[in-house]
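K.L.:
Dropping a structure here in structure tokens format, bear with me for questions.
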Amino acid sequence: MRKKIIAANWKMFKNPRESLAFLDEFLPQVQGHDRDEVLIFPTATSLSTVIDRVQDTNVRAGAQTMHWLNEGPFTGQTSPTMLTSIGTTHVLLGHSERRLYANESYEHVNLKLKAAIAHDLIPVLCLGEMLADRQTGYTKDTLLAQMGAALANLPTEKAQTLVIAYEPIWAIGTGSTATPEVADQTHAIIRADLKNRFGPVIADATRILYGGSVKPDNVSSLLAMPNIDGALIGGASLDPHSLAAMVKYKT
């Protein structure tokens, strides 16, 4: 059984004070919950504050991105060693908003993924297609191209901690959500590619999350599907009661 992951991506919301206020409301609601892993990806300025606050709880905190080098003349960047020095456990890589708005290339995602694994950070690799890809039947081609670039030259033994988040770009923040059946079929494409690359053991063990307008009223139906191993939640994760409801989804 793959343990499901409920992950909150706060994007560019919540300063440290607001993050603490959120956690004061949220943590008591999910105290002792061990059915699923619970992750929060706060802003860079709130990351250390969140990490300190969730110590000795069942919640972990990750970064929304990172550079692949440990140091250098890269203004505004954060290195993997900086993340590990404050207790970061996970890092989002290749989110569509990074690809679209920060010009993050396929090569950069590959470099970041290998650096994360080298520094014992758990990479959450984000994949997703545009609406035009879905409408013209190019979803599979787009996802396989993204996977091929991100996982290039990654040895099988290094893929054991990999987490993948499938987020159709047309569903992020739009209110539109892939039906559970469509999402599951797409996850099956990703899992089949993992099997081709790394073999059945890695493919069967890898958690594949769904993201894209996940809300309390649709999370249970999504997570009931066999290939969906959790959710990466954006806007609906900004409210502590909403996120707690999704952590405690009905099976």
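K.L.:
What whole-number value in Å² describes the accessible area per residue of region 1-133 for a 1.4 Å probe?
P.N.:
48 Å²
K.L.:
Now for a different question. Over region 163-224, what is the relative contact order in percent, taking alpha-carbon pairs closer than 8 angstrom and at least six residues apart? Walk me through the intermediate numbers first.
P.N.:
Values: 63 pairs, mean separation 32.3, N = 62.
In percent, rounded to a whole number, it is 52.
K.L.:
Between residue 100 and residue 182, what's the calculated FRET efficiency when r is the beta-carbon distance and R0 is 35 Å? Round to 0.05.
P.N.:
Working: r = 22 Å, r/R0 = 0.64.
Efficiency, rounded to the nearest 0.05: 0.95.
K.L.:
Here's another thing I want to ask about it. Hey, how many Å between the Cα centroid of region 185-232 and the Cα centroid of region 134-154?
P.N.:
For region 185-232 versus region 134-154, the Cα centre distance is 15 Å.
K.L.:
Tell me which label goes with the value of semi-axes √(5λ) of the Cα gyration tensor in Å computed from the coordinates here: (1) 25, 23, 17; (2) 33, 18, 18; (3) 31, 19, 18.
P.N.:
This structure yields the entry labelled (1).
K.L.:
Take the Cα coordinates of region 84-126, assign each an equal point scatterer, and use the Debye formula without solvent to give log10 I(q)/I(0) at q = 0.14, 0.24, 0.27 Å⁻¹.
P.N.:
Debye curve over Cα of region 84-126, log10 I(q)/I(0) at q = 0.14, 0.24, 0.27 Å⁻¹: -0.31, -0.79, -0.91.
K.L.:
Do you know the relative contact order of the chain, to the nearest whole percent, from alpha carbon pairs under 8 angstrom that are 6+ apart?
P.N.:
21 percent.
K.L.:
Here's another thing I want to ask about it. Sum up the charges of everything whose Cβ sits under 11 Å from the Cβ of residue 104, counting Lys and Arg as +1 and Asp and Glu as -1, but leave residue 104 out.
P.N.:
Values: positive: 98, 99, 112; negative: 97, 107.
Local net charge: +1.
K.L.:
How would you order 211-220, 242-251 from highest to lowest mean count of nearby Cβ atoms within 10 Å?
P.N.:
Numbers: 211-220: 20.0, 242-251: 17.6.
Top of the packing list down: 211-220, 242-251.
The values are calculated or read from the model by the stated rules, or taken from the named source; none is laboratory data. What you see is a predicted model, and the numbers here were worked out from it, not measured in a lab. Cβ coordinates were reconstructed from backbone atoms using ideal geometry, including for glycine residues, and neighbour counts include every protein chain displayed. Areas reflect the complete protein model, heavy atoms only, side chains present, ligands, DNA and RNA absent. Shrake-Rupley method; radii C 1.70, N 1.55, O 1.52, S 1.80 Å.
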